[in-house]
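As structure tokens, the structure follows; a few thoughts come after it.
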Amino acid sequence: MDHQLLNECRWWETGVIYQIYPRSYQDTDADGIGDLAGIESRLDYLVRLGVDAIWLSPIYPSPMVDFGYDVSDYCGIDPIFGDLDAFDRLLTAVHTRGLKLILDFVPNHTSDQHPWFVESRSSRESSKRDWYIWRDPLPGGGPPNNWISDFGGSSWQWDEATGQYYLHAFLKEQPDLNWRQPELRGAMMAVLQFWFDRGVDGFRIDVLWHVIKDAELRDNPVNPTWTPDRTERDRLWQVYSTDQPEAHEIAAEFRALADRYGDRVLIGEISLPDDRLARWFGTLDQPQIHLPVNFHLIENAWNADSLRQMITNYAASLPAFGWPNWVIGSHDARRIAARLGEAQARVAAMLLLTLRGTPTLYQGDEIGIGEVTIPRDRVRDPQDLRQPDLGIGRDRSRTPMPWDTSEYAGFSTVDPWLPLNHDWQQRNVAAQDHDSGSLLSLYQSLLAVRRQYTALVIGSFAIVDSVGDVLAFERRHGDERLLIALNLGDQSQTLPIPKGTVIAKQLCSTITPRTAIPRTAIPRTLEGKLAANEGLVLQLSEQP
Ligand code: NOJ
């Protein structure tokens with residue numbers, strides 16, 4: 001481990017981020033919903049797991065129509081989660097353990113209950129009228145343009161009292177802010193300052209590429225390939241409603257503020273193709289976002305050829321100073337174990353933690369929570385409630401953490417707000433902690449290997465030629481050479497070994513239990529095979 005070099009790197013380059021969905025982590029006040037005190041009580045678990053930073057989905061006061069992504073006060077804590085004192089206690093506890101804390105910042109929209117919007121909608125003459133985007137109907141009547149909300153239906157909501165429409169990219173209860181208004185801009189910068197001053201280490205910025213709209217609000221072009229099995233949003237290409245040039249100025253402002261505080265991070269939720277995603281890094285002279293989120297592992301087909309191509313393209317798209325990042329799960333995406341099955345979820349864990357770039361884990365993926373069927377009468381996700389036939393419900397990825405086999409899985413003492421994963425009696429943290437062959441043990445091993453080998457953290461990356469459904473690459477730093485070989489299929493395959501090297505040590509396998517890893521002996525690899533669904537991290541040395 002090259003300690004000196006690692007010390008020169010920034011924590012968000014070398015560290016591993018863990019996303020917590022606060023409603024579903026740990027309840028301590030018996031309301032069936034997780035809270036800040038609950039998160040604090042589980043910090044030692046995260047230290048043992050081996051992650052470095054925690055990102056919390058929104059914890060601010062909110063009517064919870066979109067479960068906290070509808071903020072009614074940017075500088076407070078929703079009583080469901082605690083209060084500012086509980087937050088300060090959590091922050092101190094996080095820092096005492098050497099961890100970092102990242103908050104969610106939601107700049108595109110507020111709740112319709114936010115005092116700014118209440119004021120804005122009170123009259124056309126309101127001093128905050130233009131803090132939001134209000135427009136008259138078209139001359140013949142109807143909404144000002146054809147934009148479609150991400151959750152379905154028009155993006156425009158009619159306001160009877162003042163006789164205008166307001167814009168909402170998501171729910172009508174989430175009116176979009178007008179980032180062309182200087183006072184609003186100042187007020188939002190003050191929000192970031194408020195939390196930076198309190199000591200938070202950074203922000204994940206919600207739907208950053210949505211933040212400013214075309215000045216003329218032109219119609220979005222129709223997508224001719226749309227079919228009704230896709231979300232209504234996809235009927236149009238969001239050419240004028242997202243990714244506007246002016247949004248980059250806002251990102252640069254955020255960054256200038258963050259940089260004034262020193263070692264803080266900005267993570268931008270941005271869903272765009274590589275060339276447009278890379279622009280969000282900004283330039284060396286005017287940097288923007290440290291980590292524009294890369295969703296490719298969630299979206300890409302799961303086979304070696306296509307993953308190899310995607311990884312190569314993504315790396316090629318980055319500016320020289322741009323640091324990559326990777327994610328395989330979130331509170332919005334389908335669970336990785338549901339999508340790929342348990343065997344490949346293990347391979348995915350190895351891929352996530354060995355690629356070049358900062359990985360973000362999502363709570364519950366470390367124990368392989370898979371598909372959870374939510375009975376219709378328990379569905380809470382507003383997106384699912386509005387478009388029930390598309391199978392895009394997000395509740396199934398937001399179910400409570402199952403900690404042990406006690407009632408309600410140790411998450412709460414009452415029936416939780418969403419059902420538990422149906423196999424919680426077997427699939428829970430305590431059970432997997434004691435099982436050296438579990439997914440949790442694999443995550444612990446992988447995170448431990450990352451700490452041990454600098455090459456995995458900041459080493460170079462090169463694809464290694466392979467045959468069959470095998471993805472292989474080498475990470476290298478100084479004399480340290482590691483081969484990562486992943487069998488994405490259920491047939492055994494040839495293990496690709498780079499020319500001029502031999503295998504010195506097996507560091508981790510997705511199918512060999514932790515305690516049984518032969519640290520020096522390499523029985524299977526001598527045969528030159530990767531078993532079905534096997535991923536290996538191997539140390540290489542030069543051929544003698
Ligand atoms: C992205 C968030 O991740 C999602 O959960 C939310 O519904 C939308 N942004 C709207 O804020």
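The values are calculated or read from the model by the stated rules, or taken from the named source; none is laboratory data. Remember, it's a predicted structure, so these values are computed and weren't measured experimentally. Counting neighbours? That spans all protein chains shown, and the Cβs are built from the backbone with ideal geometry, glycine included.
Computed quantities for the displayed model
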read-out	value
Sole exception among (1) away from the ligand (no atom under 14 Å from the Cβ); (2) surrounded by fewer than 18 Cβ atoms within 10 Å (Cβ to Cβ); (3) modelled with pLDDT of 95 or more; (4) not hydrophobic (A, V, I, L, M, F, W, C) for residue 63, by number	(1)
Residue match in region 227-249 (condition: more than 17 Å from residue 150 (Cα to Cα) and β-branched (Val, Ile, Thr))	no
Qualifying residue in region 281-303 (condition: more than 16 Å from the ligand (Cβ to nearest atom), under 30 Å from residue 197 (Cα atoms) and in a helix (DSSP H, G or I))	yes
Complete set of residues in region 256-280 that are touching a residue at least 60 places away in the same chain (Cβ under 8 Å), surrounded by 15 or more Cβ atoms within 10 Å (Cβ to Cβ) and among the acidic types (Asp, Glu)	269
Flag if residue 217 is surrounded by fewer than 19 Cβ atoms within 10 Å (Cβ to Cβ), at pLDDT 95 or above and touching a Pro at 6+ places or on another chain (Cβ under 7 Å)	yes
Tally, over region 361-380, of residues that are buried (at least 22 other Cβ atoms within 10 Å of the Cβ) and assigned to a helix (DSSP H, G or I)	3
Region 16-45: number of residues that are in a strand (DSSP E or B) and closer than 22 Å to residue 64 by Cβ	2
Some residue of region 348-360 being touching a helix residue (DSSP H, G or I) at 6+ places or on another chain (Cβ under 9 Å), more than 16 Å from the ligand (Cβ to nearest atom), small (Gly, Ala, Ser) and outside any loop (DSSP other than H, G, I, E, B)	yes
Given (1) closer than 25 Å to residue 340 by Cβ; (2) assigned to a helix (DSSP H, G or I); (3) touching a Leu at 6+ places or on another chain (Cβ under 9 Å); (4) not hydroxyl-bearing (Ser, Thr, Tyr), index of the condition residue 251 fails	(1)
Any pair with Cβ under 7 angstrom, 6 or more apart, that starts in region 146-175 at a residue that is closer than 19 Å to residue 125 by Cβ and in contact (Cβ under 8 Å) with a residue 24 or more places away in the chain and ends at one that is of a type in the set (S, T, N, Q) and within 16 Å of the ligand (Cβ to nearest atom)	165/157; 166/157; 175/110
Lone qualifier among 396, 427 - being under 23 Å from the mean Cα position of the chain (by Cα), part of a loop (DSSP other than H, G, I, E, B) and among the charged types (D, E, K, R)	427
Close pairs from region 323-335: first among the hydroxyl-bearing types (Ser, Thr, Tyr), partner outside any loop (DSSP other than H, G, I, E, B), Cβ under 6 Å, at least 6 apart	330/362
Residue in region 107-130 that is within 16 Å of the ligand (Cβ to nearest atom), of a type in the set (Val, Ile, Thr) and assigned to a loop (DSSP other than H, G, I, E, B) present	yes
Cβ-Cβ under 7 Å pairs, at least 6 apart or on other chains, region 28-57 side hydroxyl-bearing (Ser, Thr, Tyr) and at pLDDT 95 or above, far side in a loop (DSSP other than H, G, I, E, B) and more than 16 Å from the ligand (Cβ to nearest atom)	28/35; 41/26; 41/28
Any hit, region 58-65, residues being part of a loop (DSSP other than H, G, I, E, B), under 27 Å from residue 219 (Cα atoms) and not aromatic (Phe, Trp, Tyr)	no
Unique residue being touching a His at 6+ places or on another chain (Cβ under 6 Å) and within 28 Å of residue 135 (Cα to Cα) when the list is 231, 242	242
Subset tally (residues that are in a loop (DSSP other than H, G, I, E, B), within 16 Å of the ligand (Cβ to nearest atom) and more than 24 Å from the chain's Cα centre (by Cα)) for region 156-192	2
Among (1) in a loop (DSSP other than H, G, I, E, B); (2) free of Cβ contacts under 8 Å to residues at least 60 places away in the same chain; (3) within 28 Å of residue 385 (Cβ to Cβ), the one test that residue 224 misses	(3)
Residue within region 262-273 that is within 15 Å of the ligand (Cβ to nearest atom), under 25 Å from residue 473 (Cβ atoms), in a loop (DSSP other than H, G, I, E, B) and touching a Gly at 6+ places or on another chain (Cβ under 9 Å) present	no
Filter result for the condition that a residue is surrounded by 23 or more Cβ atoms within 10 Å (Cβ to Cβ) and of a type outside the set (S, T, N, Q), over 27, 83, 44	27
